[in-house]
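Structure record follows, encoded as structure tokens.
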Amino acid sequence: MTNETIITVAGLGGQGVLAAARILGEAAFRRGLPVVVSQLHGMSQRGGAVEATVSLYGRDVAPSSRIDVLVSLELLEALRLSSRLRPGSVAVVSSQLTPPPSAPLSGKVTPTKDEILTALRSRANRVSVVDAGVLAIEAGSAAAANLVMLGTFCALPGAAVAVEDILSAIDRLEMAALRALAPRALALGYRAARLIGSA
């Protein structure tokens, strides 16, 4: 990744979306890359949509900007953003699917995982799906799903940062609550992505 690259991190409130974007931005900055982190909170305190954008080699971006790399902690959020994926883009998504609380009342049918993945694959050049929730628990806490996804991101060909950069960024940001979980969670996400790539 040496040209302008728009990385969008998405998910639901409480999943650590903004923390993941801050860590990714810090890791890129400390590696000497021009980086701007833009946050769109949404209804973060109510489990609503949350997204943040990390712009490498570029400027601040509008919320509707096209996406080069999508890192999503929830499938419906990935689907919501799929129309913004550029040709040749990459999507790294957790297999978690959380139907909105209003779904039963609205009568709307929640798409299945297969339907969502089909839609993503029609837009993105590469789609990697990781069971981040299970891997996070294996790492020590369900709250580590965002770290698992960062590990998965680091395994992408040409990724701008490495796992070691993420660990250093967590230290610099003084995120003590994440530090103990990070090595295991990042390694599990990285390994899962590598296994997908070799399948």
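Would you pick out the residues in the stretch 47-75 that are surrounded by fewer than 19 Cβ atoms within 10 Å (Cβ to Cβ), of a type in the set (A, V, I, L, M, F, W, C) and in contact (Cβ under 8 Å) with a residue 12 or more places away in the chain? Selection gives V61 alone. Quick check on the stretch 95-115. Is at least one of its residues among the polar types (S, T, N, Q), under 17 Å from the mean Cα position of the chain (by Cα), modelled with pLDDT of 95 or more and closer than 19 Å to P157 by Cα? The answer is no, given that none of the residues of the stretch 95-115 is among the polar types (S, T, N, Q), under 17 Å from the mean Cα position of the chain (by Cα), modelled with pLDDT of 95 or more and closer than 19 Å to P157 by Cα.
Cβ-Cβ contacts under 7 Å between residues 6 or more apart (or on different chains), taken from a first residue in the stretch 108-121 that is without any contact (Cβ under 8 Å) to a residue 60 or more places away in the chain to a second residue that is part of a loop (DSSP other than H, G, I, E, B) and among the aliphatic types (A, V, I, L, M), are listed as K113/L97.
The requirement of being at pLDDT 95 or above, among the β-branched types (V, I, T) and buried (at least 22 other Cβ atoms within 10 Å of the Cβ) is satisfied by I166. Counting only residues that are in contact (Cβ under 8 Å) with a residue 60 or more places away in the chain, in a loop (DSSP other than H, G, I, E, B) and either small (G, A, S) or closer than 24 Å to A124 by Cα (or both), the stretch 135-192 holds 5 of them.
When L150, L188, L156, L181 are checked against the criterion of being in contact with a Gly (Cβ under 7 Å, 6 or more places away or on another chain), crowded, with 16+ Cβ neighbours inside 10 Å, closer than 14 Å to V71 by Cα and of a type in the set (A, V, I, L, M), L150 stands alone in meeting it.
In the set (1) closer than 18 Å to A19 by Cβ; (2) of a type in the set (A, V, I, L, M, F, W, C); (3) in a helix (DSSP H, G or I), L195 fails one condition alone, (1).
Table: residues versus (1) at pLDDT 95 or above; (2) under 13 Å from E4 (Cα atoms).
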site: A27; (1), (2): yes, no
site: V37; (1), (2): no, no
site: L40; (1), (2): no, no
site: Q45; (1), (2): no, no
site: V69; (1), (2): yes, yes
site: L75; (1), (2): yes, no
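The values are calculated or read from the model by the stated rules, or taken from the named source; none is laboratory data. It should be emphasised that the depicted structure is a prediction, and the values quoted were computed from it without experimental measurement. Ideal geometry is used to build each Cβ from the backbone, glycine not excepted, and the neighbour counts take in all protein chains shown.
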